[in-house]
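Have a look at the structure below, then the notes.
The values are calculated or read from the model by the stated rules, or taken from the named source; none is laboratory data. Treat the numbers as computed from the prediction; the structure is a model and nothing was measured. Note that we place each Cβ from the backbone using ideal geometry, even for glycine, and neighbour counts take in every protein chain shown.
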Amino acid sequence: MKRARKTRPSLEAAHDKWGWFFVAPAILYFSIFSFYPILYAFWMSLTNKKLLSLKPPTFVGFANYQKVLSSSDFWDSLKNTLEFTVGAFVPLFILSLAFALLISSRKRFQRALQMALYSPAVLSSVVAALIWLIIFDPRGLANAAANALMGTSGKDYMWLSSTSMVKVSTVIVYVWKYVGYFTILFVTGIGKIPASVVEASIIDGANARQRMLRITLPLLRPTTVLVSVMILIFCLKTFSTQYLFTQKGASLRAVNVVTLNIYQTAFRDQNLPQAGVMSILLFILMLVLSYAQLRASRGEEEQL
Amino acid sequence: MKRTLSAILLAALAASALAAQAPTIPALKGKKVQLTLWTHEDANRMPLEKGYIAEFTAANPGVTVNYVTYPTDKIRDLTTTAFAANQGPDIFNLQISDAYPFMANGRVAPIDFKMTAYKDVKDLESKYLPGTLAPVIEKGKAYGLPLELTNYCLYLNKKIFRDAGLDPDKDYPKTWEDVMAVSEKIVQRNGEIITRRGFDFRYGVEPLICWVPMVEQLGGELISKDGKAIVGDDAWLKVLTYVRDFGPAGKNLGSPTYTAARKVFDLNKNEIAMSLSGLYQEARIIKSNPEFYNSKDWMVIPYPQWKDAAKRVPNNFYGHYYVVNAQSSKLAQQASWALVNYMLSHGEAYLQKVAIVQPSKSLMESKTFKEMPYSDVFAKDMSAAHVVYYGASSTKIDALLKEAFESVMLAGGPSPKEALERLRKSVTEVLASE
Amino acid sequence: MSSIAASPVARRSSSAAITSVLAWVALAAACLVVIMPLVFMAGASLMPPSEVLSMPYRWIPKEWKPANYALALAGNDGNWLFLRNILNSLIVASTVSATTVGLSALVGYGLAKFKFKGRNVVFMGIMATMMIPFETVMIPIYLIAVGMHLQDSYQGFIVPFLMNAFGVFLMRQYLLGFPTEMLEAARIDGCSEPRIFREMVFKNIGPAAATLAIITFRQQWDNLFWPLLIARREEMKTIPAYIVKFVAEKNSDEGTMMAVAAIASIPVFFLFFTLSKYFIGGSAVYGAGKE
């Protein structure tokens, strides 16, 4: 008796300790390549080191934070990031959910449809930017399509040369690229809803709309939360679309998102500390927004 | 005729190159050293320099050279990062306004004159056009050897002029007002979309070169002698307004979102009539469109001036210098200077094959230079020009200028006055933080 | 009862038919719009540049120019370096995919099936790293890589990307559904933990592994800055660097640029199509064991 009691708990404990063994690679790797660098960036933000200077950095406390938080340049780039995030989040979320619902209710070609929608995500961002730059060229397809749709002729919709349109253009490229990805996530989530529940509701007389609103969507909550947090983080981190577009002539001010600002501040202006400040601020923003998102959805869940 | 002449010259050069013996440097005898050279991509220059490197390493067997090229718009960022990690290449070249931070932070080494053909700084300066080495001379020491010095003049496509009913030899634009008027006559559109441009600016990485001379012609300044930023509001506003009128929000004659003017110009496909570029563009035209080059359908005219210009200011010239990493070993530095000196001693070959101009007096007087079409136009402008602004924050100021001018040009952007205020504020901030 | 059952069915079939048609139209339109730029790339890659930006645009080239592909492969200096770049990209992307799948499986397993103290902290910590944009940490990571003497080597491309937080997340989700009873049984039989992992768990992560492999492969295929930073010889560069260089050189030849883009995309598409059955719309990935 005594022996059994001793072996069971210690077996559990020993067994659980193995958990550390398995996660050890992650701890090692992320410490070196994620935690240390972000701490380094934080440390840099408290100094005044210029990128090329051979002198050791001197500590200046939060002076850089003051400078950045009072510079209109930073707030402009933050505004650009938030504008982009909202602008991309809504279409991405709604379209991917809509497509997923439509696809799940099809009896055939489900896989082909998802593959088609996902195919842009397979391209590298350099290639995608290249293709779209040609499409957005004033002589390119975008103007041709817009002219055809709007019934105008020869009108230049200024996809890259108008400060407001270029924001729309970056959102278009981003949504195009990722809508398939999130559609697949939603389809997977819908697939997890037990058929029995759906069938029961049909027998009870629920029509398609009621089924969707009362059964599918609520049961889809875990996926919905996951997708919305992912879209949020993706959008806040966006970099390559804006970078590649501005390299080729688009106005920097219109799409100067925080990540691009960080990059330019570090390399073009050699100002590593201020780049570090913006990085830390962006990181905190992402943490806060993600947490708020999770809390909000958990609250809703409790209401259900 | 021109083609056979070029062919003969090339053959002669090739023959002389084969016969050429790179110097064997005593200091490198019997020693082994590996050099890394970073430079920006140039399809014409790479084979030329690789050839010289081969000759140099043949004469100095202990030396190996790793020659790497990078995209022009990335090389600065990459070099900066490498140096930040103390991993910079032994030899590299950057545009002077990008290279200055390296100098200012002591990251580049002074010339070791014993490895070169020059005795000292004074001797070096005397062999080049006055003022062209000033950007790399500090406190009596020289830090770079010139790879190229460029100023822009206006290339003009005669065929398109005639097609628009203009006589290129009489009607070519002499003033900025002319440029706009002529462009309006030449431009063709499909609705609002431009299919043929008259003139278009050179956007991209060189606003200090493009826009500032226009301001200076009207008496404005980027930075005054007493350190004030953006002086001469009338001048600045006139240029900003002109630029706004030129773009899609105004007369719709061009914009940064169309394909770069100088690249389209070479193709001669009735797409653009005028483009700003340097003498090196001629080598690009020969390579990509020899028929166009050999026809007489293009010409080069001086950089336009305003009708009521306060003073004549040709395009500012900018330079690339080869510099050496101060953290490289003494041996590597010696080998680097020796190699750079050897490569650059072939000024005429660089001119002939790459059409880049080293501002050495001997080259300016050489037959090769004089025989390049319109080299006199470039030389005349260059002699009256001054070097582009450089300083500790020139890269950032460059970016601020680009933003100011391009934002005014694009639809929905700020008014010239707003852009001017904003520019002045940011440049003042930058100067203050230096 | 039967009448209530009957009439909804009758109503359903006619409105359902209309909804069905509308749904198909919407889906078809969406797919067309989404695929159109890809078709454009394919078509434009075979056109001379004057046609690529011609107005109005002709989808079928008037003049076929497969020579674009030859020029794309040979490069503007005719040294076929593109092939070497493709090889580099293949090596790097495959290796990183392999390590990511392997390591994520290990870590995901540990987080899913072992209740050790601090488990949540570790998990949250790993998830937080997803919020760090690469531009922020590029310079410190470069300093570390240099300190480890990783420049100019395949290791330099690979080591900083050995695994990522998303992979851990994916594997953990998947392995949460792994039947614990089987593991218990194996333990009682006296199997060691590593052996259990090797023999039972690792062999059964197919769908998650395929999904993660594709995503990671594509991410590495797309990596522009890091390889450019770490490579110090031309021969070590990867595909995105080649594309950027090519575009800057012969900017006006949009047709050949599209050929370069097409060539660069082929391997990823190939991988995608072969592995997609694991990846797409499967409760397979997330809900192992469910219906």
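Name, by its number, the condition in (1) crowded, with 17+ Cβ neighbours inside 10 Å; (2) more than 26 Å from the chain's Cα centre (by Cα) that does not hold for A:LEU54.
Here A:LEU54 meets the rest and fails (1).
Touching a helix residue (DSSP H, G or I) at 6+ places or on another chain (Cβ under 9 Å) and either more than 8 Å from every other protein chain (Cβ to nearest Cβ) or within 30 Å of A:LEU272 (Cα to Cα) (or both): does that describe C:ALA165?
yes
If you take just the strands (runs of 3 or more DSSP E) that sit entirely in segment B:189-301, which of them hold at least 2 residues that are out of contact with any Lys or Arg (no Cβ under 9 Å at 6 or more places or on another chain) and within 14 Å of another protein chain (Cβ to nearest Cβ)?
B:193-200
Name the helices (runs of 4 or more DSSP H) wholly inside segment A:111-213 in which the number of residues that are of a type in the set (Ser, Thr, Tyr) and closer than 26 Å to A:MET230 by Cα is 2 or more.
Hits in segment A:111-213: A:163-191.
Every residue, every condition in (1) over 20 Å from B:HIS40 (Cβ atoms); (2) modelled with pLDDT under 85; (3) facing chain A (nearest Cβ under 9 Å), yes or no:
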| site | (1), (2), (3) |
| --- | --- |
| C:THR238 | no, no, no |
| C:TYR242 | no, yes, no |
| C:PHE246 | no, yes, no |
| C:MET258 | yes, no, yes |
| C:LEU271 | yes, no, yes |
| C:SER276 | yes, yes, yes |
| C:LYS290 | yes, yes, yes |
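Does segment C:211-234 contain at least one residue that is over 26 Å from A:SER125 (Cα atoms) and more than 10 Å from chain A (Cβ to nearest Cβ)?
No, there is no match, as no residue in segment C:211-234 is over 26 Å from A:SER125 (Cα atoms) and more than 10 Å from chain A (Cβ to nearest Cβ).
Return the only residue of B:VAL377, B:VAL324 being more than 17 Å from B:CYS210 (Cβ to Cβ), at pLDDT 90 or above and surrounded by 23 or more Cβ atoms within 10 Å (Cβ to Cβ).
Selected residue: B:VAL324, the only one of B:VAL377, B:VAL324 that is more than 17 Å from B:CYS210 (Cβ to Cβ), at pLDDT 90 or above and surrounded by 23 or more Cβ atoms within 10 Å (Cβ to Cβ).
Out of A:VAL168, A:VAL173, A:VAL187, I need the residue that is away from chain B (no Cβ under 14 Å), under 30 Å from B:LEU410 (Cβ atoms), touching a helix residue (DSSP H, G or I) at 6+ places or on another chain (Cβ under 9 Å) and among the aliphatic types (A, V, I, L, M). Which one?
Answer to the check: A:VAL173.
Across segment B:369-408, what is the total count of residues that are over 30 Å from A:LEU260 (Cβ atoms) and of a type outside the set (D, E, K, R)?
Going through segment B:369-408 one residue at a time, the tally reaches 14.
What helices (runs of 4 or more DSSP H), lying completely within segment C:58-145, carry at least 3 residues that are within 13 Å of chain A (Cβ to nearest Cβ) and within 24 Å of the chain's Cα centre (by Cα)?
Helices (runs of 4 or more DSSP H) meeting the threshold: C:81-113, C:119-128.
Please go through segment B:85-99 and give me each residue that is part of a loop (DSSP other than H, G, I, E, B) and modelled with pLDDT of 85 or more, ordered by number.
Within segment B:85-99, B:ASN86, B:GLN87, B:GLY88, B:PRO89, B:ASP90 meet the criteria.
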